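The values are calculated or read from the model by the stated rules, or taken from the named source; none is laboratory data. No experiment lies behind these values; they were computed from the predicted model shown. Neighbour counts run over all protein chains shown; Cβ positions are idealised from the backbone, glycine included.
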Amino acid sequence: MHLKDSKTVVIKIGSSLLIDDNKIIREKWLSEFAKDIKNLQNLKKNLIIVSSGAIALGCKKLKLNKKNLKLDKSQAVASIGQIELMNLFKKVFSPKKINLSQILLTLEDTEQRRRAINAKRTFENLFSLGFVPIVNENDSIATSEIKYGDNDRLASRVAQISNADCLILLSDVNGVYSKDPKLDKKAELIREVKNIDNKIEIIATRSIGEHGTGGMKTKIDAAKICQLSGCHMAIANGLINRPIKNILKNDLCTWFLPKVSKLDARKKWIISSISPKGQLIIDAGALMALKSGKSLLAAGIKEVKGKFSKGDHIRILDEDLVEFARGLSSFTSDEISKIKGIHSNKISNLLGYISKSEVIHKDDMVKVE
Ligand code: GLU
């Protein structure tokens with residue numbers, strides 16, 4: 001059971017689950033959904049909710065019709081609607097003692113490695129504080145060229161950068177059917193998809209009945225991203241009460257299985273970047289620490305070569321200049337020159353600002369085999 005086995009879970013809810021066709025807020029549904037979230041928290045899972053609804057709630061407040069909105073106006077509407085959205089979540093989730101935070105992302109935040117790493121750390125810190133981040137696209141800033149445009153793909157990127165084990169797209173359909181269930185009684189729910197072949201693509205593009213921005217097409221795009229990130233993804237019906245409980249109990253949804261392991265996907269993501277920008281030469285003590293799976297600290301660095309920025313891909317060499325690993329640097333080369341050989345608790349004094357102590361975090365490092 002994919003959800004049960006997952007530690008980090010991303011759940012995406014579309015606007016149509018929060019606000020109905022008559023523009024009435026589905027507060028009762030949200031309150032049932034909050035019970036689902038509480039239950040997952042009790043199961044000790046790390047949770048992220050990706051929620052649409054900023055534009056829909058902004059339109060409701062301003063009494064506007066979503067269909068006639070121009071982009072520049074929709075940005076203002078999203079800005080107005082986003083706090084409506086968060087107020088709604090807060091109102092419903094607070095009585096259940098679920099602590100919430102908000103993260104608004106733009107496309108570059110997940111596409112640029114350095115920003116993606118920052119976002120990942122923020123998610124991790126929120127998990128350890130016991131807060132559930134609610135993510136949406138930063139619609140007030142994003143214009144069409146730099147937009148995800150739909151929260152399905154945004155959610156799959158969030159799942160990728162947060163290293164999630166599963167993503168659940170709550171929709172207004174049960175999942176992907178072999179034929180259109182509205183037209184054909186023989187239509188069957190496809191329970192598991194290993195390969196997104198032509199057949200699935202055709203079914204998906206034909207599918208109707210989804211009101212969100214994306215429809216089934218963007219859900220399939222999201223599934224492709226998940227498959228290559230080692231993340232399980234489900235399309236499930238969110239319209240029912242307690243949709244997550246329903247997945248845990250009946251598993252009545254379509255699961256897309258990953259094509260690679262999570263570890264392999266992350267390694268590939270780290271290694272796949274353009275050629276390394278620099279090198280760090282480390283001492284024997286640091287080498288031992290890295291061999292036992294620890295992060296690289298400034299104290300163990302003897303020398304830095306090359307010019308690089310935060311998030312750049314660099315090589316880690318031992319004292320004999322043999323390459324041991326590659327990783328993403330949390331500091332610039334200039335900063336490392338200042339802090340090399342220095343104990344972590346002196347770093348902020350030297351740099352003049354507080355920063356993390358790992359120069360390359362163990363999660364951002366891949367040993368060269
Ligand atoms: N980010 C948009 C909003 O909050 C929704 C995008 C979508 O429906 O996928 O209104």
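Descriptive notes on the structure:
- Residue match in region 152-162 (condition: surrounded by fewer than 21 Cβ atoms within 10 Å (Cβ to Cβ), among the hydrophobic types (A, V, I, L, M, F, W, C) and in contact (Cβ under 8 Å) with a residue 40 or more places away in the chain): no
Conditions (1) among the charged types (D, E, K, R); (2) within 11 Å of the ligand (Cβ to nearest atom); (3) closer than 25 Å to ALA119 by Cα, marked per residue:
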residue: ILE11; (1), (2), (3): no, no, yes
residue: ILE25; (1), (2), (3): no, no, no
residue: LYS28; (1), (2), (3): yes, no, no
residue: ASN39; (1), (2), (3): no, no, no
residue: ILE49; (1), (2), (3): no, no, yes
residue: ASN68; (1), (2), (3): no, no, no
residue: ALA78; (1), (2), (3): no, yes, yes
residue: ILE83; (1), (2), (3): no, no, yes
residue: ASN99; (1), (2), (3): no, no, yes
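- Filtered residues of region 188-208 (kept if at pLDDT below 85, surrounded by 12 or more Cβ atoms within 10 Å (Cβ to Cβ) and in a loop (DSSP other than H, G, I, E, B)): SER207
Rundown of residues vs (1) without any contact (Cβ under 8 Å) to a residue 40 or more places away in the chain; (2) within 19 Å of LEU47 (Cβ to Cβ); (3) in contact with a His (Cβ under 7 Å, 6 or more places away or on another chain), yes/no style:
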position	(1), (2), (3)
ALA76	no, no, no
GLN82	no, no, no
LYS90	yes, yes, no
PRO95	yes, yes, no
ILE98	no, yes, no
LEU104	yes, yes, no
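- Some residue of region 38-50 being surrounded by fewer than 17 Cβ atoms within 10 Å (Cβ to Cβ), closer than 21 Å to CYS166 by Cβ and touching a residue at least 40 places away in the same chain (Cβ under 8 Å): yes
- Residue, farthest from the ligand (Cβ to nearest atom), within region 132-155, restricted to residues that are modelled with pLDDT of 85 or more and charged (D, E, K, R): ARG153
- Filter pass, LYS60 being surrounded by fewer than 17 Cβ atoms within 10 Å (Cβ to Cβ), over 22 Å from the mean Cα position of the chain (by Cα) and outside any loop (DSSP other than H, G, I, E, B): no
- Remark: PHE127 falls outside the filter, which requires a residue to be surrounded by 21 or more Cβ atoms within 10 Å (Cβ to Cβ), more than 13 Å from the ligand (Cβ to nearest atom) and either under 26 Å from ALA234 (Cβ atoms) or touching a residue at least 40 places away in the same chain (Cβ under 8 Å) (or both).
- Residues in region 331-369 that are within 30 Å of the chain's Cα centre (by Cα), modelled with pLDDT of 90 or more and farther than 17 Å from MET288 by Cα: PHE331, THR332, SER333, GLU335, ILE336.
- Residue within region 172-192 that is under 18 Å from HIS2 (Cβ atoms), of a type outside the set (Val, Ile, Thr) and within 12 Å of the ligand (Cβ to nearest atom) present: no
- Checked against the criterion of being assigned to a loop (DSSP other than H, G, I, E, B), at pLDDT 95 or above and under 21 Å from ASN246 (Cβ atoms), region 77-95 contains not a single residue that satisfies it.
- Scanning region 314-346 for residues that are aliphatic (A, V, I, L, M) and in contact with a Ser or Thr (Cβ under 6 Å, 6 or more places away or on another chain) yields one hit, ILE314.
- Flag not set for ALA116, criterion: of a type in the set (Gly, Ala, Ser), in a helix (DSSP H, G or I) and modelled with pLDDT of 90 or more.
- Taking the listed residues ASP152, ASP139, ASP184, the one that is touching a Leu at 6+ places or on another chain (Cβ under 9 Å) and farther than 15 Å from ILE220 by Cβ is ASP139, with no other qualifying.
- Residue in region 327-337 that is surrounded by fewer than 22 Cβ atoms within 10 Å (Cβ to Cβ) and closer than 19 Å to LYS367 by Cβ present: no
- Of all the numbered requirements in (1) within 19 Å of the chain's Cα centre (by Cα); (2) more than 16 Å from the ligand (Cβ to nearest atom), THR106 misses one, and that requirement is (2).
- In region 244-260, the residues that are outside any helix (DSSP H, G or I) reach residues that are among the acidic types (Asp, Glu) with C-beta atoms within less than 6 angstrom, at least six apart or across chains, in these pairs: TRP255/GLU192.
- ASP72 meets all of the listed conditions (1) modelled with pLDDT of 95 or more; (2) over 24 Å from LYS245 (Cβ atoms) but one, namely (1).
- In the set (1) of a type in the set (Lys, Arg); (2) over 22 Å from the mean Cα position of the chain (by Cα); (3) modelled with pLDDT of 95 or more, the condition left unmet by LYS44 is number (2).
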